[in-house]
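Working notes for the structure below.
Nothing in this text is a laboratory measurement; each read-out follows from the coordinates by a stated rule. Predicted model only: the values in this text are computed from it and were never measured. Virtual Cβ from ideal backbone geometry, glycine too; neighbours counted across all protein chains shown.
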Amino acid sequence: MGIRSLAAELLPSALQGLQRVSFAPAARDAQTAETFDGLATRLGYLSKADLRRVREAYKFADEAHLGQFRASGEPYITHPTAVASLCAEWRLDVQAIMAALMHDTIEDQGVSKATLVEHFGAPTAELVDGLTKLDRLRFNTREEGQAESFRKMLLAMARDVRVILVKLADRLHNMRTMGAMAPDRARRIARETLEIYAPIAHRLGLNEVYRELQDLCFAHIHPWREAALAKALQRSRGTRRNVVERVEQDVHKAFARARMKVQISGREKTLYSIYRKMRDKRQGFAQVNDIFGFRIIVAGIDDCYRALGVLHQLYKPVPGRFKDYIAIPKANGYQSLHTTLVSPLGTPVEFQMRTEAMDAVAEKGIAAHWLYKSGDKSGQAAAEAQRLGTMWLQSLLDIQDETRDSTEFLEHVKIDLFPDAVYVFTPMSRILALPRGATPIDFAYAIHSDVGNHTVAATINGEPAALRTELKSGDVVEIVTAPGARPNPGWLNIVRTGRARSKIRHYLKNLEQEETLALGEKMLAQALRAEGLKLPASDPGDEAASALWQQLTRWSGNRTRAELMIDIGLGRKLAIIVAKRLAALMIEQGSRPDAVTLTLGRYAADDGAPSHGVVFVDGSEGASIQLATCCRPIPGDAISGYLGRGEGLAVHTAECSVGRRLRQRDPERWISVAWSDELTRSFQTGVVALLKNGKGVLAQVASAVSAAEADITHLDMGNEPAAETTELRLLLSVRDRQHLADVLRALRRVPTVLKVARIKP
């Protein structure tokens, strides 16, 4: 039974459960403090002086929010008080508590940061500012505003990890009390929380917050499914109670025999984790067996492994389900031993063995360093929490340095919030944690961006492997680099980490800019040659040339000379028009057209096209010049160039029907191009062959192409059912037209090839 059928079966009874999902501040919210007295009872760990500072912050927030109400009708001050109460549960310091009380004062009430600095000091004001969203009026869309606000929060978080702790407390209370909101808005906030804030809580080890946020989001996004699943879980508890009780008794007896003092607690999987397992594995509720698990708390690390031995003697372990997170901790500091055993009734049961300190970190994450070491007066606990938070945040800072677009930054961060990880080794036995599905390219960029940029090959466990190979835990990976290598744009489709994706995009953007700038300079120089002039120097020390370029950029609306050249290279500005303006400015300064240059420039131009000059194509142009995929020109073809708007220069064959339509539409955007005498690579072109079906046909075709010293880069046979004949489309890599003719002759000699020709649009 799948999720839908489960919901259909339980829907009538589950509809009553929807009353339960009204999200009003219910039982779990009754514990949150709504007044300062209620909050003060949780702040017993603070000194009297600190408590007075908190009271002042409360009064300030209460006055700032006076007359403001929440959607539920409650006074707004109840929200920051509840957020501060959640922070108090983690025993955060006085500055964090004050920031929690005042976190909405800048955003909602227009209180200035300077005012907060004056009353409560710079550290508290910085925390509040880091939690404040940017003004949405600055942005074109809500999504852009949210992305930029998120970027701002992460940068503040990198400076002080308390920012994200207060933010998560804020988001948790908002999720608990979203019942009064419109359903559409509630679903939007729930999706954002599930995609961003819940994974952040997981990365920082705040598992209690992570699980609760997931369940709350699930109830808002899929309320019917949540109600139906809750009903099914409630119904199954009776049938599974006997199993749990039997296992618990057996475990207690086993540890008593081993004379080990342990704390045993049972736990039940959350609704969302059960739902996700049903969805991912396409299972019905009845097929999900491992709903219950046990946690074993022991005195020391040695006892964790002793407890593992006791359990493995009691029940049979499930092969491949043992994980040692003590020897190799997770990136967020989580440590524990995991094993899955088969109970006497045949159901799998998961056990986790850990110490009390490990348990505190497992549930509270970085917040545990305030909670577990609350008696620490030296500030070491806060420093340790900041260090653990920075381990992950450093990669986000690297991404932010290379990503100027806030939406793209958010995309990279989402990619980097994968909860699952694989642990791989360098040849020097260094351990790296990477997201599941990571490839050797991700591994290379995790080591260093220079290693990633110059990667050419990889070996996994001593064997050569493709760069798209997915890594597994325990793999030993070695990267082979070459000085002249550079990232391939195709890598963006196979990498899994935000760091690798941002590094590749950053490199390609810079490379593309450099190539486009060089193309723009070449085009302007050639267009200026048609006016009988040479391009002025770009040396800042040449005052006359600098003044000339300033005048030209002011006229064109560009900020710099480089920006103008990029615009010309991308086709945003026509080289001939810019050249005429530049020529006029140069003549005003006293320059005179050179007769020889004028003759050469006009001689090089095609009579049928505007006199831009000729751009030579040798195969090394990269992103600035592209060979059109509609006609796939090769050396020997008559060609011409179309300067698209913001797309760079596209080269078409003279016979291309697509090119002819573009020429009719935009004749002024065509420039003369020609093949260089010295070519740097081979070129791709399409060939279609009609074949007689038979044994070994593809092998014969491949052999003929190879014998003609060409390569097949792509092959397509379509989706038509097998018949007497079939059409085969090949993408061949050849040197020029003569080489293509040789390949076609070789193919025509193959007995099974009935007809072969070059593909033309």
Pull out a ≥ b ≥ c, the square roots of the eigenvalues of the alpha-carbon gyration tensor of the range 190-309, then state rounded if a/c is under 1.5, prolate if not and a/b is larger than b/c, and oblate in the remaining case. oblate
Quick one: divide the alpha-carbon radius of gyration of the range 172-260 by 2.2 N^0.38 Å and tell me what you get. 1.53
Return an integer: the convex hull volume of the alpha-carbon atoms of the range 682-735, in Å³ per residue. 68
So, with points 7 Å from each Cα along the Cβ direction, the SER657-ARG430 label distance in nm works out to 5.7
Would you calculate the separation in nanometres between label points at ARG279 and ASN493, each defined as 7 Å from the Cα along the Cα-to-beta-carbon direction? 2.7
With an 8 Å Cα cut-off and a minimum separation of 6 or more residues, compute the relative contact order for the range 171-273 in percent. 26
Once you sort the root eigenvalues of the Cα gyration tensor of the range 628-761 as a ≥ b ≥ c, which label holds: rounded (a/c under 1.5), prolate (a/b larger than b/c) or oblate (the other case)? prolate
Given Cα pairs under 8 Å that are at least 6 residues apart, what percent is the relative contact order of the range 683-758? 49
Please work out the C-alpha center-to-center distance from the range 190-231 to the range 673-691 and express it in whole Å. 54
Sticking to Cα atoms, compute the Rg of the range 479-521 to one decimal and its Dmax as the biggest Cα-Cα distance, whole number, in Å. 12.2, 38
Could you work out how much longer the chain between ASP62 and ASP250 gets when fully extended? Use 0.36 nm per residue separation minus the Cα distance between them, nm to one decimal. 62.2 nm
List the GluC sites (Glu not before Pro) within the range 667-718 that DSSP assigns to loop and that have no more than 16 neighbouring Cβ atoms inside 10 Å. GLU678, GLU709
Give LYS503/LYS760; LYS231/LYS472; LYS231/LYS364; LYS48/LYS261; LYS167/LYS316; LYS509/LYS580 a once-over and call out the pairs whose C-alpha atoms are over 32 Å from each other. LYS503/LYS760; LYS231/LYS472; LYS48/LYS261; LYS167/LYS316
Rounded, prolate or oblate: which one fits the range 437-567, using the alpha carbon gyration tensor with axes a ≥ b ≥ c (rounded when a/c is under 1.5, else prolate when a/b beats b/c, else oblate)? prolate
Just to confirm my numbers, what's the Cα centroid distance between the range 106-130 and the range 300-315 in Å? 52
Taking 0.36 nm per residue of separation and subtracting the Cα-Cα distance, what length does fully extending LYS755 through ARG559 add? 64.9 nm
Simple SL model, points at 7 angstrom along Cα→Cβ for ASP736 and SER265; separation in nm is 7.8
